[in-house]
2 protein chains.
Amino acid sequence: MSVTKPSLPKGTRDFTPQEMVKRNYIFDTIKTVFRKYGYAEIQTPSMENLQTLTGKYGDEGDKLIFKVLNSGSYFQKVPLHFLEYKQENAVTPLISEKALRYDLTVPFARYVVMHQNEIAFPFKRFQVQPVWRADRPQKGRYREFYQCDADVVGSPSLLNEAEFVLIYQEALSNLGLKDFTIKINNRKILSGIAEIIGKPELIVDMTVAIDKLDKIGLDGVSKELLERGFTETDIEKLKPVILLQGSNTEKLTSLKTVLKSSAVGLKGIEEIETVFNYILNLKSQISNLELDITLARGLNYYTGCIFEVKTNEVAMGSIGGGGRYDDLTGMFGLKDLTGVGISFGADRIYDVLEELNLFPAETVQGTKVLISNFDEKAELYALSVLQELRTAGIATELYPTSAKLKKQMSYADAKNIPYVILIGDDEMSSGLLTLKNMQSGEQQKLNIVDILEKLKAA
Amino acid sequence: MSVTKPSLPKGTRDFTPQEMVKRNYIFDTIKTVFRKYGYAEIQTPSMENLQTLTGKYGDEGDKLIFKVLNSGSYFQKVPLHFLEYKQENAVTPLISEKALRYDLTVPFARYVVMHQNEIAFPFKRFQVQPVWRADRPQKGRYREFYQCDADVVGSPSLLNEAEFVLIYQEALSNLGLKDFTIKINNRKILSGIAEIIGKPELIVDMTVAIDKLDKIGLDGVSKELLERGFTETDIEKLKPVILLQGSNTEKLTSLKTVLKSSAVGLKGIEEIETVFNYILNLKSQISNLELDITLARGLNYYTGCIFEVKTNEVAMGSIGGGGRYDDLTGMFGLKDLTGVGISFGADRIYDVLEELNLFPAETVQGTKVLISNFDEKAELYALSVLQELRTAGIATELYPTSAKLKKQMSYADAKNIPYVILIGDDEMSSGLLTLKNMQSGEQQKLNIVDILEKLKAA
């Protein structure tokens, strides 16, 4: 076996024990809230048939799907001229029938269609699994990353939308975030606006442009609208809508006037009002919920409400988003099933919590006590102490060989172990063991019963 | 977008909510024990560089590695004649630089080498992640399955081996298994036996043959030994060793006599005795720990103790195994680091618990209460009840639209929701809500305070 200098594929990461504790904290906190709202976990395979994924993410997306090479003599059925002319586009589907999951939504749609006879609709599922994209890696963008999604299919009720707002509110608060904004919009309001201007066919161009208001300002948006086929007159009509100010109620009142002649626009307003009412009756006003009619997010996908969450404490893109999509499962032949879902951006939330120093100091998952090991006699004595602590459910290690004190202390430090029990000759003869608090440096001589009591309480 | 009939790649599986609850139960139980013994979790990427994996699993293993196709114009650098002659062996490394992880051990070795400067040795890590193998799928064998490993590197102490026996004991008992055997052997004992017979070079042939004693009996083993280059005289010498009977102590006593002239053999016996002594001092005798000198398990890998666990309650292959391997990280250029580890066969354990009906009846992870929804007025009333229950931490759902009682009850049944709160006109006027126990069918009229109390206790 030759020696290989070890390296990782571009855009992928190892997670160390310290990172895993933090990641588990984020995922566990979010999962607990999902469960409280009646969502149940599923998992799907990492590999899907290539045809399940192809054509679902646009041409650019298709290129970013990682394809898995067939096993064995994979060239056998490939016509020779495809190879001679190096025609990858023709060859790929012949030498690769499987691919790595690109998101959790398409596999979920596939799951619903394949399991439709055993599912009790409405089906509320959550899923936390990695996805893979052959994107160019850059800061904060990886080729393997986790998605953290909750969706419900088969229920048109806007109670679901309201509950998703509460789920964001509760999960992010539980993670310690204090200042974040949950933005909401409705595709039907955007359709209504395009209709009023008399350019319903340009709805995608319109939303792509006004979605950039934050970045390029009103002048930039106007310029882009002109380039995309709108007139100065159209833009004059659009301006009051784009620059809509005030409370959610004030915005809705203005919009009702603007959109009074658009049935679809009024329907969108009604949906938003219903969501707000549900929230009001569930919890009272949520002060950080903001109607933002410039919010679009992959518009050709969503058909009703659209969500996005931003933190105001750190400069960072959105940390969550989602919306309602009618006919999610149509691509797999199951018609008229409406869905609505949200996603948490776990990697970004990780960076936010890190920057704000919000991870709990207690790494409760790690070892709580290290027992020292100075010689054979002390080791033998330590074995029974070790067993007593573990029987009490306390995560404990005995340093596995006799070693110098300094080495053992460094080990405890490196692993963030909060307590060390020192066992030397004095301790063995008196039965009073030295318990050292690694944070404060304080040492106490205690018998095993008192140590157990102290550590269980700590 | 054309309609695709959905299907799954061969050998892969979806996990439904019911299955996920059970799988999480197994993984959580095992992880809790790993943590209690001081093991910390890490994760590695699903994809590794192909050269990291190639040559580590033998020629057969290499064929079973799933290779990931390079993105873009992947044929560009491939010499044309490789393609014209369809030489897959030459083409594969040129069109695929990444591959899916085949096990957790090689990625772990790669991790240790890459992170050696930040690791506090001995490094005790556990890892629970999927692996992929392009094996022919069959009952109980999948192309994607989870491995569940704990290993320690950088510690030659046999305390680690003893603790792994306790980890098996504790985790499997916590999962409800009552009758299982933890088998232990030592590669050095096998070396000693081959040495005594005077055929040290045939140790692999010898162990492959005697490993089959269970399946083909003594006659079969003898026949195979003859075929593999042993003489009748050799086999006569081997017989008493193969057929070793009695308690562990009796076996060790016999072995000491047989192996008295083999230094390595005696070293193996000493190691086993040390492990037994550690266990004795930690916990007292473990009655289901059995020295089995026919146990080999991938011998060219292990260098010291070898473990295997079998359940005696169900006909099933081993549900766990492992051992010590010196020089694990040598393949990546880091010499002289010894490791020892074990693995739990989670899929097989799942099947065993299913067959023995050992999964806890309480699906604590699911929704606990469904609130009925009969009309708009009742829904409005229900919203505040919903919020009160959730605030108390109780996983609750409101049926999201008004519907017939039967439909809502079917939903609760299908999701295994143990309680339903019925809210009709009577309930709204009296404030006494009907709480129905879905298991017993019993109904009670209670105010919200009593309901909260009852559900928190349930």
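When the helices of chain B are scored as -39500 (n - 2.57) per DSSP H run of n ≥ 4 and the total is divided over every residue, the value at 222 nm lands at -13000 deg cm²/dmol. For the pair the range A:102-143 / the range B:277-293, the C-alpha centres are spaced 46 Å from each other.
Relative to a virtual label point 7 Å from the Cα of A:Thr274 in the Cα→beta-carbon direction, which members of the range B:386-407 show backbone nitrogen distances below 11 Å? Of the residues in the range B:386-407, B:401-402 have backbone N under 11 Å from the label point off A:Thr274. Which shape class, rounded, prolate or oblate, goes with the range A:191-336 when its Cα gyration tensor gives a ≥ b ≥ c as root eigenvalues, a/c under 1.5 marks rounded, and past that a/b bigger than b/c marks prolate? Verdict is rounded for the range A:191-336. Within the range B:146-218, the trypsin sites (Lys or Arg not before Pro) that combine a DSSP coil assignment with at most 15 other C-beta atoms in a 10 angstrom radius are B:Lys178, B:Lys212. Would you mind computing, in nm to one decimal, how far apart the modelled labels at B:Lys456 and B:Asp135 are, each placed 7 Å from Cα along Cα→Cβ? The modelled label-to-label distance comes out at 4.9 nm.
Going by average Cβ neighbours within 10 Å, how do the peptides B:427-434, A:390-397 rank, with the highest at the top?
A:390-397, B:427-434
Annotation for B:Glu84, label-to-label distances across the other copies: 0.9 nm (shortest first, one decimal, point 7 Å from Cα along Cα→Cβ). Its Cα centre serving as origin, the protein assembly as shown has a Cβ charge dipole (Lys and Arg +1, Asp and Glu -1) of approximately 840 debye. Between B:Leu213 and A:Lys406, the modelled labels are 5.0 nm apart [label points 7 Å from Cα along Cα→Cβ]. Modelled this way, with points 7 Å down the Cα-to-C-beta line, the labels at B:Gln76 and B:Lys335 are 4.1 nm from one another. Can you tell me the orientation of helix A:232-242 relative to chain A, as the angle in degrees between its alpha-carbon axis and the longest Cα principal axis, to the nearest 10? Between helix and principal axis, roughly 40 degrees. Under the convention that each Lys and Arg Cβ holds +1 and each Asp and Glu Cβ holds -1, the size of the dipole of the range A:179-312 around its Cα centre is about 240 debye. Spatially, the range B:399-431 and the range B:228-244 are offset by 72 Å when compared through their Cα centroids. Taking a ≥ b ≥ c as the square roots of the eigenvalues of the alpha carbon gyration tensor, the range B:366-457 is rounded, as a/c is under 1.5.
Counting only other chain Cβ atoms within 10 Å of each residue's Cβ, the peptide A:143-155 averages 1. Each of B:Ser429, B:Gly246, B:Val275 was scored by the projection of its Cα onto the charge dipole of chain B, and the greatest displacement toward the positive side belongs to B:Ser429; charges sit on the C-beta of Lys, Arg, Asp and Glu. Here is how far apart the A:Glu201 label points are across copies: 8.5 nm, shortest first, using a point 7 Å from Cα toward Cβ.
Residue-level result for chain B: its Cβ closest to the axis carrying B onto A, with that distance in Å, is B:Leu83, 2.
When the charge dipole of the protein assembly as shown is built from unit charges on Cβ atoms (+1 for Lys and Arg, -1 for Asp and Glu) and taken about the Cα centre, the candidate among B:Pro45, B:Ser384, B:Met409 whose Cα reaches farthest toward its positive end is B:Pro45.
Taking the 0 to 90 degree range and rounding to the nearest ten, how far is the long axis of helix A:105-114 tilted relative to the main principal axis of chain A, both from C-alpha atoms? With rounding to tens, the tilt is 90 degrees.
Shown is the FRET efficiency for B:Asp327 and A:Thr249, computed with R0 = 60 Å from the Cβ-Cβ distance and rounded to the nearest 0.05: 0.25. The simple Förster model, with R0 at 41 Å and r as the Cβ-Cβ distance, assigns B:Gln439 and A:Ser284 a FRET efficiency of 0.70. Residue by residue along B:385-398, Cβ atoms of other protein chains within 10 Å of the local Cβ number 4 on average.
The magnitude of the dipole of the range B:366-457, with charges of +1 and -1 set on the Cβ of Lys/Arg and Asp/Glu and taken from the Cα centre, is near 320 debye. Sorted from nearest, the other copies put their A:Glu355 label points 5.4 nm away, the label point being 7 Å from Cα in the direction of Cβ.
Only the coordinates and a few stated rules stand behind these numbers; no lab work does. Predicted, not measured: the structure shown is a model, and the values here were computed from it. Cβ coordinates were reconstructed from backbone atoms using ideal geometry, including for glycine residues, and neighbour counts include every protein chain displayed.
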